[in-house]
Structure formats: C-alpha cells, structure tokens
Amino acid sequence: MDTNIASTYALQQANHTLINNKNAVIEAQLLDVLQSYLVSHEKDQFTLKGREFARQQIQYFMAQNKPLEFILPGFPCKSPNVIDKSFSAMPDLGEVLAIERLDTLCCALNEIYPHGSSVTILSDGTTFADVVHVEDEVKDQYKTALRQLCVTENIQWADLMDLLPEAQLAQITDSDSLRKALLKGISTGPRSFEKFVKKVSDSPEQTEVHDKLCSYLYHDVCIERFSDGDRDQYLESISDKAYQMMYRGRALSAGIDKVYPHHIRLSVHAYDNSGPKFTVSLSSDTSKVVSPWHSVPVRLLTGEYVQLSHGIAKQKCVVNVTHAGHNWCYLEVAGPQLQGFVFELIKAPAFGLKISDPQQLGYGCLPSEFLQQLSEQFGFILLKNMPDIQQQDLVDFCDPFGEIYHWQFGPVHVVKPEKIPHGFVHSIEKTPLHWDLSMLPASEKKVEQDPKFAASCFMLYCKTPPVKGEGQTTIVDSRVALKLAGQSKVKQWCNIDLTYETKLTYFGGTPRRYPLVDLHPTTDEPILRYQEGSESQLQRFSLSSTEMSSAELTALIQEVNDIAYHDKCFIAHEWEAGDLVIIDNYYTLHGRLAMTEKSMSRELWRVQVY
C-alpha cells in the first residue's frame, strides 16, 4: 500500500514537473514575442527587470487558463497642427496600421498560447482633448470612426466612461463632468492640483517629464499662436497645460489600475520597459515612439509604409490619397509630373484605388511597376476615363506587367453577352465568384508544370458599359474576408480541399482541386481560394469534398459565401466607358452581378497576366 502511494505521488510530481516545464517554455516564447513588439529604450530594462515583471503577469492568466489581456491608453484625437504633424482631424491609414499591428501582436501570441489574447484600446481623448484645443465633437467623431476602421479579431475598445462606474450610473456624459469625476479619484483634499505641481517641481525626474511635455505642446501640437499675445504668457500657459496633462495622466493610470488591475499595461510613451508599463511600437520600426495621431502615413517607393510628421512628409515627392473627403495617406511617386494625378481610396481601410487624370497627362506616365505594386497592396486599381483605345493598345499597356496569357482566340477576351450563350460568362446571368485561370485543363502545359498556375493579375477595359445598377463586376478583398473568418477558422480552412467541376467551356472543363486557404506564391500570406457554385441551366458549377459530409459541405459553403459577400470586403463596381481596372488575382476574388436584356451591349475586354 505504501509503495502504491509512493508511486502515485512520484507520478503526480513528474506530471507537475512536466506541466511546469511546458508552461515555462510557453512563458518564454510569449515574452520573446512581446519584447519583439516593444520600442527599445536607450536605457532599456526589459531583459533585466521588465521580463520578470511581465512573466508574473502572464502567469496570472495562465494559472486560470484565461486569455492574456493587455490594455493600451491612446488614440485620443488628431493633433490640431495639420501643418507640421497630422493632416486631418479624422483617423487615416496610420491608425489602421497601428490597430492592425496590435491585432498582429495578439495573433502571434495566440499561435503559442491556446487560450488567446486581446488588447483593450482605451481612447483617452476625453482626458486630454481640451488641453490641446480639440473640440468635443471632433474628438467624438474621431473615436467613433476609430472603431469602424478595420476588421480585427483581438481588439476591444474602452473609453473614460468605462473607468467611472459612478458616472455611468448617474448617466453623466459631458466631457467636463467626466474629467472632474476622473480627477476626484486622486484628489487629496483642497488644492490637490497645486500640491501636485509643487511635488513635480521638487523632483528633478518629474521636472524633466514636465519639460518634455512643454516641448511636445509647443513644437508638436502648436495649440496656439503667440504672435497675437505676449510670448512669456504663452509659454507660461504651456507650462500649466503640461502640469494638467501630467495630473490627468496620473488620474487615468489610477483609474486603469482600479478597473483593469490584472491587465498588462502597454503604453505609447517612452518608458524603459522595466514595468509596469511597456512601450509598444505601433509600427514595424521599434527604434522610436511614433504615434499616428500626430504624424501621417507615407508609402515609400520601396512599398514600405512609414509614419512621418506632416512637415517632413511634404518635403518628399508625394501624392495625397483621400477617402470620403478626408486625407488618408501619402504615396511617394517617382517624379513631380505624377503629382497631377488624383488618387482616391474606394473602400477603407485599403481596398481599391481610383486614379483620375484631370490634366490629361496620360496613364502611360504611371510606371507599370508602380501600378502593379499598388494593385497588390489595394487589391485593384481603377483608372478612370481612359481614352478610347484599340485591343492592341490594351495589350501594349498590359505587356510590362508580365507574360500575357494567350487563348486560341488571342490575348484579348471580349466579354459580351451572346444571344445563344454557351455559359454564364457570355450571358446576362450572374457570374459566380472565382479567380482567373482556375479551371484550365490539367493538360495545359502551364498546369502540368504547376497545378496551382493562375494569373497574377488581369485587366478589364470597359468598351461599352451596362445600364446603371446591373452587370457590375464584383470584387472581394480576401485579406479582409480571412480576418472576418478569424484566426482559428483560417487554420481549419487551410486543411480543407474543395473540388470544382464545370462543363467544357472556353476555359476548360477538367475538375480541379484546391485548398480553401492557400499561401501566396511570393509573400506566403494566406489567401482565400474559393469559387462559388452555380446551378445555372447554362452552366452548372459544382463543389465537392471527399473529406466532408454533404451537410458539412453545405454549411461550409454558406459560411464562406456569407463572408465573401460581407460589406466589409465586397465591392460591386459600376462600369463607365473608359474604365480600366487592374485586379490582383491572388488577393481578390471576382464575379459579375446579373443583367437584363437592356445591357446586352455591355462589352469588356480582358487581358490576363502571369
């Protein structure tokens, strides 16, 4: 009996040791990921102190099998200095990239930790907006727009109201009252603020923080112009505002500690990463602190996006991309002649880029490599009002993009409804979602060399448009579609193969099998490889699976269709004569909405490039 007890105890101890060792490995991997997302301070203490501090916080969640929870105060409002720092009062691509980076941090952690993670972004605009002279209405519009910017799975949102349960009960919503309620939490009696100012003044370390805030307010925000008043009085007002920001920041931290006591604190301010706050980089550049609310996003000629102060960004040769009447980002261009083109984002955060030529410079001025890069980054490019061209002109335009795929009828496919169609492509029926060159015969030489051979991009030129409201080309942003599906679902889809089959048409007829989610051939990013079925009498397009039951397949198809047609990732382009669309064939799916006989004259020319 004693021997059995001893054996059981030894086994329990061995299991306990095994679990501890496994958890230690997971902890170390999580800490490595976290550190890779931090801004490295000149006197960085993460390795010496912060790592152990963060490890203990991580252990709290692991011991309870709970998701890791982070909290980041930030994203208050745009700097009102649109001359030197920001270029809009509303969020732009800079905020998108920052939020997506935080989501990517969680995705990296989720690959290691099975219980997942999340970042709560606490919009602290109400706390500080009046100090930098941003109106409440503008601040609130910014906050509302933030939450609708992009699709993220691991981001949660909070604001000052979430730190003040008493204010929630009393239904207090005006900013002044909320700020007073926040400051009440650190009030130490009469003249509490004055006592705080003296304490800061007596501390060399805190005085340095105050002076840096003064510099920030004076140089970075430029909240006032002292030309109309006394310079000394202006500088004194800046000093007072810096004290106010420090005092309110202290109150904000106290509120966070009370409501989110176990959350791991991230910050957008420079700390030495010793804990309890860790400075997270909102961009891939971990060498410095850069926040999108007082800088602008710039796409460099290399394709890299950086955040630059507006004053510096304007010194480059750039063009402005707008969205819904607001500035969205800058694109660096090869020469000043390209600044005559007009660039507009079609769908936020980064789907579809419309380019117009109001000065009639000619789209030939735009380098093909530049357009190809933009089509990859934005999914598709729309060139408006291209002059009337011949088919050979279209071939010549497409030739620099790569090898043109030649059919038996030549390089240009004229897509036009026929009176007696042989398939849905040449009918007025809907064309299901697909990607180009997906159903080539297995005997095609390109397919024999590479079973996944497909066009890298293709061009559609509108010779004659359909009537308004029908015959639109549908385009799906598969990157956003996969975000809508979620990290766990995408993993499952990587292991699902679907077989597609249709009757013999101009593009083939051999059944083809593809994974539902595959990897991009050059970037290794996951891409959605889905083709929508059709029960059309003209052309049946069927989906099957050897690994799934009929009910499971039906449920999967419904789920994928719901996502593909979701407003967040779906566009139906209304054609106008002279439109030329360059569509990336890896990052998108496309199809066509149905037409009536009124649109029998609809004629598009298509050229495919690989």
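Taking R0 as 41 Å, what's the FRET efficiency between residue 315 and residue 104 from their Cβ-Cβ distance, rounded to 0.05? Working from the Cβ atoms, E equals 0.85. For the stretch 268-360, the gyration tensor built on C-alpha atoms gives a prolate shape. Its axis ratio a/c (a ≥ b ≥ c) is at least 1.5, and a/b is the larger of a/b and b/c. Within the shell of other residues whose beta carbon sits under 13 angstrom from the beta carbon of residue 483, the net charge comes to -2, with Lys and Arg scored +1 and Asp and Glu -1. The simple spin-label model puts a point 7 Å past each Cα toward its Cβ; for residue 535 and residue 156 those points are separated by 4.3 nm.
By the combined test of axial Cα extent (at least 20 Å) and Kyte-Doolittle hydropathy (mean at least -1.0), the qualifying DSSP H helices of the chain come to 2-36, 93-110, 231-259, 550-564.
Where both residues lie in the chain, what percent of DSSP beta bridges are antiparallel, nearest 5? Present the calculation step by step, with values, prior to reporting the outcome.
Working: 62 of 86 bridges.
In the chain, DSSP labels about 70 percent of beta bridges as antiparallel.
Around residue 136, with a cut-off of 13 angstrom between Cβ atoms, what is the net charge of the other residues, counting Lys and Arg +1 and Asp and Glu -1? Don't skip to the end; give the middle numbers.
Numbers: positive: 139, 143, 179; negative: 130, 135, 137, 140, 159, 174, 176.
The answer is -4.
Here the extension length gained between residue 115 and residue 208 equals 29.4 nm, from 0.36 nm per residue of separation less the Cα-Cα distance.
Computing the accessible area with a 1.4 Å probe over protein heavy atoms, can you report the carbon and sulfur percentage for the chain?
Numbers: 14870 of 28680 Å².
Of the solvent-accessible surface of the chain, carbon and sulfur hold 52 percent.
If you take the beta carbon distance between residue 48 and residue 419 as r and set R0 to 56 Å, what does 1/(1 + (r/R0)^6) give as a FRET efficiency, to the nearest 0.05? All intermediate terms of the calculation are to be shown ahead of the outcome.
Numbers: r = 79 Å, r/R0 = 1.40.
E between residue 48 and residue 419, to the nearest 0.05, is 0.10.
Candidate cross-link partners of residue 503 among the lysines, defined by an alpha-carbon separation under 22 Å and a same-chain spacing of 8 or more, comprise 416, 419, 430, 445, 446, 452.
At 0.36 nm per residue, and after removing the present C-alpha to C-alpha distance, how many nm does the segment from residue 337 to residue 443 gain when stretched out fully? Don't skip to the answer; put the middle values down first.
On the way: separation 106, 0.36 × 106 = 38.16 nm, distance 4.73 nm.
Length difference between fully extended and current span is 33.4 nm.
Of (1) 93, 88, 45; (2) 141, 80, 47; (3) 87, 76, 39, which is the value of Cα extents along the principal axes in Å derived from the coordinates here? Of the listed options (1) 93, 88, 45; (2) 141, 80, 47; (3) 87, 76, 39, (1) comes from this structure.
Please give the net charge around residue 74, taking every other residue with its beta carbon less than 13 angstrom from that of residue 74, where Lys and Arg add +1 and Asp and Glu add -1.
Working: positive: 78, 101, 143, 265, 277; negative: 95, 124, 159.
Computed value for this residue: +2.
Remark on residue 527: its backbone amide H falls under 5 Å from those of 518, 519, 520, a criterion applied only to residues 5 or more positions apart or on other chains, H modelled at 1.01 Å from N.
Cross-link candidates for residue 143: which aspartates and glutamates have Cα within less than 16 Å, leaving aside residues fewer than 8 places away along the same chain? Partners found: 92, 95, 124, 130, 135, 159, 162, 174. Just round it to a whole percent: the fraction of Cα-Cα distances in the stretch 57-149 exceeding 15 Å. The proportion of pairs with Cα distances above 15 Å equals 65 percent. Accessible area ranking (1.4 Å probe, heavy atoms, ligands and nucleic acids excluded), largest first, for 484, 252: 484, 252.
Among bridges DSSP assigns within the stretch 258-330, what percent are antiparallel (round to 5)? The partial results should precede the final answer.
Numbers: 8 of 12 bridges.
Antiparallel bridges: around 65 percent, rounded to the nearest 5.
Averaged over its residues, the chain has an accessible area of 47 Å² per residue, based on protein heavy atoms and a 1.4 Å probe.
Distance check, please: which entries in 180/483; 258/483; 85/139; 258/568; 288/316 exceed 28 angstrom between their Cα atoms? In this structure, 180/483; 258/483; 258/568 exceed 28 Å between Cα atoms. Restricting the count to DSSP beta bridges whose residues both fall in the stretch 294-423, what percent are antiparallel, rounded to a multiple of 5? Roughly 70 percent of the DSSP beta bridges within the stretch 294-423 come out antiparallel.
The values are calculated or read from the model by the stated rules, or taken from the named source; none is laboratory data. Every value quoted in this text rests on a predicted model; they were computed, and no experiment measured them. Methodologically, a virtual Cβ is constructed for each residue, glycine included, from the backbone with ideal geometry; neighbour enumeration extends over all protein chains shown. These area figures cover heavy atoms from the full protein model, side chains too; ligands, DNA and RNA do not enter into them. Shrake-Rupley method; radii C 1.70, N 1.55, O 1.52, S 1.80 Å.
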